[in-house]
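Read the structure below first, then the notes.
Values quoted throughout were computed directly from the atomic coordinates according to the rules given, and no laboratory measurement underlies them. Here the structure is a predicted model, which is why all the values come from computation and not from measurement. Cβ: placed from backbone, ideal geometry, glycine included. Neighbour counts: every protein chain shown.
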Amino acid sequence: MEPLSSFFAVSAILLGIGVYGMTTKRSAIRIIFSVELVYNAANLNIIAFSRLRNPPLVTGQVLVLFSISLAAMEAAVGLAIIILAFRLNADIDLRKMTKLKG
Amino acid sequence: MTDPAFVVIAAATVIGAIMAVEARDLVYGAASLGISFLGVAALFILLDATYVAVFQIAVYIGAVVVLILFTVMLVGPVKGEAPMELKRTSLFAAVLVSMFLGIGGSLANANAFPGADMCGASCDLQKLSQTLLVNYGTQLEVLSFVLVAAVIGALTLAKAEKD
């Protein structure tokens, strides 16, 4: 069995890539990609930490099931908002969406 | 000591994630995102969370990636993305920092995080479903209401105007 710290390392790398994408990208769809990557990092972390106890806690898996469902909802609503923004602006560049700026 | 399957899966996950963020074409990005999700599902299997892995594949690859692909087809590319130079260096910086975080953490606490024991009877499907339905039944119902609300909200947002 692989030591759990390797899973934590993969989770940290996914989190880093996700935060990088969220901060530097301009396309709204890429930012949705990054948010999903961060969700996956969190889920992997929860599952790995639930294996720390002996016997392992099954509650971590339940939490991740809830989290995956919420991530799917978030993706659906986010993509609907992107389609709406595209219809209003003919572009999904987030840096140009400044209509609400005073 | 290091499982070769783990190395392959972790590499696929990380490379898929990088490609998803950096690929020029959004369609390739969505495909790489699917590969990354598959890698995370395989990591779940390595952690003995088989049901969660199946759920991950069904929801992420079956629903989220397909939804993203539809949106990419509908919306098309962003005009004039910024040049790559600065972004590539900052990507390397992010990966290096996170790798140092992970490796440093694992070195510092090598005894605190041993390899997980075999799960055995304590995390089989029966135990999981029992916990989910008996202890978290109310939360499951609330979650289904949230799902309905999200679907109705997404439909209302994306619905084409009649006039």
- prompt: Between the stretch B:4-31 and the stretch B:128-146, what is the C-alpha centre distance in whole Å?
  reply: 33 Å
task: Before rounding to the nearest 500, sum -39500 (n - 2.57) across all DSSP H runs of length at least 4 in the protein assembly as shown and divide by the residue total; then give [θ] at 222 nm in deg cm²/dmol.
output: -23500 deg cm²/dmol
Dipole magnitude of the protein assembly as shown, debye to nearest 20 (Cβ charges: Lys/Arg +1, Asp/Glu -1, about Cα centre): 800 debye
task: Apply the Karplus parameterisation 6.51 cos²θ - 1.76 cosθ + 1.60, with θ equal to phi minus 60°, to every residue of the stretch B:144-154 and state each ³J(HN,Hα) to the nearest whole Hz, in sequence, with x for glycine and proline.
output: 5, 5, 4, 4, 4, 4, 5, 5, 5, x, 5
message: I need B:LEU38, A:LEU57 ordered by Cβ neighbour count within 10 Å, fewest first.
response: A:LEU57, B:LEU38
task: Give me the orientation-averaged projected area of the Cα convex hull of the stretch A:4-89, in nm², one decimal.
output: 5.7 nm²
message: For A:LEU65, B:LEU128, A:LEU88, which order do you get if you count the other beta carbons within 10 Å of each Cβ and list the fewest first?
response: A:LEU88, B:LEU128, A:LEU65
statement: Computed over chain A, the relative contact order (Cα-Cα under 8 Å, seq sep at least six) in percent reads 27 percent
task: Within a 10 angstrom radius of each residue's Cβ in A:53-60, how many Cβ atoms of other chains show up on average? Whole number is fine.
output: 6
message: Of B:VAL142, B:ILE9, A:PHE33, which is farthest towards the positive pole of the protein assembly as shown's charge dipole, taken about the Cα centre with +1 and -1 on the beta-carbons of Lys, Arg and Asp, Glu respectively?
response: A:PHE33
statement: To the nearest 20 debye, chain A has a Cα-centred charge dipole, built from +1 on Lys and Arg Cβ and -1 on Asp and Glu Cβ, of 400 debye
query: Taking each residue of B:21-33 in turn, how many C-beta atoms of other protein chains fall within 10 Å of its C-beta, and what is the average?
result: 3
